[in-house]
Number of protein chains: 2
Amino acid sequence: MDYYSSKIQSLIEELAKLPGVGQKSAQRLAFHLVNLPLEAVEKLADTILEARRGVRYCQKCCTLTDAELCPICSSPSRDASTIMVVENPRDLAAYEKTGQYEGLYHVLHGAISPALGIGPADIRLKELMQRLQTEDIAEVIIATNSSLEGETTAMYISKLIKPTGIKVTRIASGVPVGGDLEYIDEVTLLRALEGRVEL
Amino acid sequence: MDYYSSKIQSLIEELAKLPGVGQKSAQRLAFHLVNLPLEAVEKLADTILEARRGVRYCQKCCTLTDAELCPICSSPSRDASTIMVVENPRDLAAYEKTGQYEGLYHVLHGAISPALGIGPADIRLKELMQRLQTEDIAEVIIATNSSLEGETTAMYISKLIKPTGIKVTRIASGVPVGGDLEYIDEVTLLRALEGRVEL
């Protein structure tokens, strides 16, 4: 199989380990990389190492960052009385892109999944409960995914928080904006019906 | 937009520059990378640099390799009297995977494209003509793509080689094996008809 050279072959194998990168894409990426100017490749390798070496969890919300507190937790302009609970930093980014949410976050780094053997102790739930004791929180918005694991996690967290008297809410699930009813699955259609609001 | 951290943000931006990697995939890749063990990330960065620093063109066939001659050109078991001309190293790999081709290759690194301003001098054609003078070649198989550029290149090369008396052939184009006629474009269907062989 070594019709390239051992170095290019090793590169293809390393790249193929990345998520969403198959054998063909790894090949294309490898040839792209070896054709780039050396400085561009050095910059890429450096950026990867820098990010990996510098990465840490925000002491407050547990998102990935490179300082003690992430930019959101350390911002004085955010509403510190609201916490939105998300499964991972990408979900946090998705809500940040809306530009409309002013509160803080809490990143669980996963969701409870009995099938995969992921229990409440395997996600950053203890850290959330500690925050509720030390910070002055008025509302916890649970924005875990609308999957089985996400729903299980939401249910579990809400039961845990309810006794503290803090308001717990869940983001709405229903028909996505611009979604064409005929292509939407039945569960979502039922959810949308159940969650109907008066006009 | 800096809701991650500057280092992760830079990594996402660097990754998004790669071909076929959009903003979303770059995000997913970045979080995958910062979650990997440090040694795995160092190995990846190292492999990228090693491949880029070590890469060079094979002195004979011009494919990318890390030695003076690529593994194919330096193999004594290949039929050195046949050269298959391909557009890039990935096409070479595709034919190598068949395991049936025994000859050598010549990698053009592109194809003639008047629309993109790529002329015969911009691809490794001069190197091919030099090989025909110094090596003892009986046949040149042109395996450029079946696109406008590939066909133009094939035509050009065949006109260039014909006067030397060396046999020039072109890989067949037609209906792909397993292809369903009703989904195949008309040009391919016509090609398949023109290239029909007696049974």
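Remarks
- In this simple spin-label model, placing a label point 7 Å from the Cα along the Cα-to-Cβ direction at both residue A:159 and residue A:188 gives a separation of 2.9 nm.
- Chain A - mean residue ellipticity at 222 nm from DSSP helices (-39,500 (n - 2.57) per run, n ≥ 4, rounded to 500): -13000 deg cm²/dmol
- Diffusion coefficient, µm² s⁻¹, Stokes-Einstein with Kirkwood Rh over alpha-carbon pairs of the protein assembly as shown at 10 °C and 1.306 mPa s: 62
- Share of carbon and sulfur in the accessible heavy-atom surface of the protein assembly as shown [1.4 Å probe, %]: 54
- Convex hull volume per residue for chain A, taking Cα atoms only, in Å³: 213
- Residues whose amide H lies under 5 Å from that of residue A:184, counting only those 5 or more places away or on a different chain, are absent; hydrogens are built 1.01 Å from N in the peptide plane.
- Cα-Cα separations in segment A:77-194 greater than 22 Å, expressed as whole percent: 38
- Residue ranges A:40-46, B:61-67 sort as B:61-67, A:40-46 when ordered by packing (mean number of other C-beta atoms within 10 Å per residue, highest first).
- Counted over segment B:77-194, the DSSP beta bridges are approximately 5% antiparallel.
- Nonlocal amide H pairs with residue A:168, under 5 Å, H built at 1.01 Å: A:140
- Surface accessible to a 1.4 Å probe, per residue, for the residues of segment A:77-194, Å²: 56
- Partner shielding of A:25-33 amounts to 5, given as the average count of beta-carbon atoms from other chains within 10 Å of each residue beta-carbon.
- Other protein chain C-beta atoms within 10 Å of residue C-beta, averaged over B:65-77: 2.
- 3J(HN,Hα) couplings calculated from phi for segment B:84-99 with the Karplus curve 6.51 cos²θ - 1.76 cosθ + 1.60 (θ = phi - 60°) are, in sequence order, 9, 8, 10, 6, 8, x, 5, 5, 4, 4, 4, 6, 4, 5, 5, x Hz; Gly and Pro show x.
- Under 5 Å from the amide H of residue B:118 lie the amide H atoms of B:113, each residue being 5 or more positions distant or on a separate chain, with H modelled from the backbone and absent for Pro and chain starts.
The values are calculated or read from the model by the stated rules, or taken from the named source; none is laboratory data. Worth saying up front: this structure is predicted, and the values here are computed from it rather than measured. Quick reminder, even Gly has a Cβ in these numbers, built from the backbone with ideal geometry, and neighbours come from all protein chains shown. Side chains are part of the model used for accessible areas, which takes the heavy atoms of the whole protein and leaves out ligands, DNA and RNA. Shrake-Rupley method; radii C 1.70, N 1.55, O 1.52, S 1.80 Å.
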